[in-house]
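Each remark here refers to the structure printed beneath this line.
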Amino acid sequence: MQPTLAEELGTGVVIRNVGGATGTIGAAEVARAKPDGTMLMLTSMAPVVVQPSFRPSIPYRTDSFAPVCLVADAPAVLMTTRNSGLRSVADVVARARAAPGQVPFASGGVGGMGHIAMTGLIRATGIEMNHIPFRGSGDAIIALQSGTVLMLAAEANLVKQYELHAIGAFAEQRLPESPDMPTMREQGHDLVFALWTGLYAPANTPEPVLARLEGACERTLRAPAIGEGMARLGHPIRYLGRREFTEFTRAEAAKYHEVIEAAGMRQAD
């Protein structure tokens, strides 16, 4: 995506990977950057719409950013090893009720999408489970394969990559690339949690600058090579322009705020 975006903008684009604290370190840096369009943030949803409610002490809010465009959208999928004996949500519920609070599940980090999705499932089914967070989905997969945990909610592409069993997708409908994978809705639970990615600028970036960035983003995502590459990575393109993406961001922030408050997940300062 970088070379194509640079060409559309007519300027160089330098990528800096700033990790740590579920993306909030990099997000904080962008939030306090000069709003002139020279520093942008391509991020998953957690730092923008989850962490402000989960960790009130972080030095920014959702409205510290100006949405530019939604880039990709893929649902979280609950997965397990093929020999776990868990084939459906009903199996997970039965296992959890037989050993309340003892069945372990992994996530790629506290307050991340996997954690939030599983919290939603736990609330919906009235069960208790043991959350074991890891530093990213890679470490969580290792724990899953070793038997340290029994399940993980993460990106759909991990199912095929590691030959896992998909219990269900937190999606509105079945995924075109995985037509045999049932949704949570089909299993009796209206739970939709997506692992989406968007481009943001600092709040108060001038409208002409945002319009230029929006146009470059749209043209970049139309490039066939970009779409093919993102599909291979399991993150199919879903484009929304500034107006729609702003509304989408606000709605997502409200949704996750409700989940976090209702579940008592807010992290103490």
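The values are calculated or read from the model by the stated rules, or taken from the named source; none is laboratory data. Note that the structure is a prediction, hence the values are computed from the model and not measured. Ideal geometry is used to build each Cβ from the backbone, glycine not excepted, and the neighbour counts take in all protein chains shown. Calculation scope for accessible area: heavy atoms of the full protein, side chains included, ligands and nucleic acids excluded. Shrake-Rupley method; radii C 1.70, N 1.55, O 1.52, S 1.80 Å.
By DSSP, the beta bridges lying fully in the chain are antiparallel in about 75 percent of cases. Direction-averaged projected area, Cα convex hull, the range 90-131: 2.6 nm², rounded to one decimal.
Out of every Cα-Cα pair that the range 14-130 contains, those further apart than 26 angstrom amount to 35 percent.
Of the residues GLY234, GLY12, GLY23, the one that moves most in a GNM of the chain with alpha-carbon contacts below 10 Å is GLY12.
A helix-only calculation puts the chain at -11500 deg cm²/dmol for mean residue ellipticity at 222 nm, using -39500 (n - 2.57) for each DSSP H run of at least four residues, averaged over all residues.
Taking all Cα pairs closer than 8 Å and separated by 6 or more residues, the relative contact order of the chain comes to 32 percent. Wrap a convex hull around the Cα atoms of the range 145-200, take a quarter of its surface area, and give that in square nanometres. The orientation-averaged projected area of the Cα hull of the range 145-200 comes to 5.3 nm². Across the range 188-228, the convex hull enclosing all Cα atoms gives 123 Å³ per residue. Taking the empirical scaling 2.2 N^0.38 Å for compact globular proteins as reference, the chain has a Cα radius of gyration ratio of 1.02.
Rounded to whole Å, the principal axis extents of the Cα atoms in the range 64-120 read 47, 22, 16, largest first. Using a probe of 1.4 angstrom and keeping all protein chains present, the accessible surface of the range 20-120 works out to 35 square angstrom per residue.
Remark: the Cα gyration tensor places the range 41-196 in the prolate category, a/c being 1.5 or greater and a/b exceeding b/c. How far is the Cα center of the range 160-208 from the Cα center of the range 85-137, in Å? Measuring centre to centre over Cα atoms gives 17 Å. Label zone (VAL209, point 7 Å along Cα-to-C-beta; backbone nitrogen cut-off 11 Å) within the range 14-47: 33-40.
Relative to the Cα centre, the charge distribution of the chain, modelled as +1 at Lys and Arg Cβ and -1 at Asp and Glu Cβ, gives a dipole magnitude of about 320 debye.
Report, to the nearest whole %, how much of the accessible area of the range 56-116 belongs to carbon and sulfur atoms, 1.4 Å probe, protein only. For the range 56-116, the apolar C and S fraction of the accessible surface comes to 51 percent.
When the Cα positions of ILE116, VAL30, VAL48 are compared along the charge dipole of the chain, ILE116 comes out farthest toward the positive end, with charges on each C-beta of Lys, Arg, Asp and Glu.
Look at the alpha carbon pairs under 8 Å that are at least 6 residues apart: their mean separation over the length of the range 86-201 gives a relative contact order of 27 percent. Normalised by 2.2 N^0.38 Å, with N the number of residues, the alpha-carbon radius of gyration of the range 106-194 equals 1.03.
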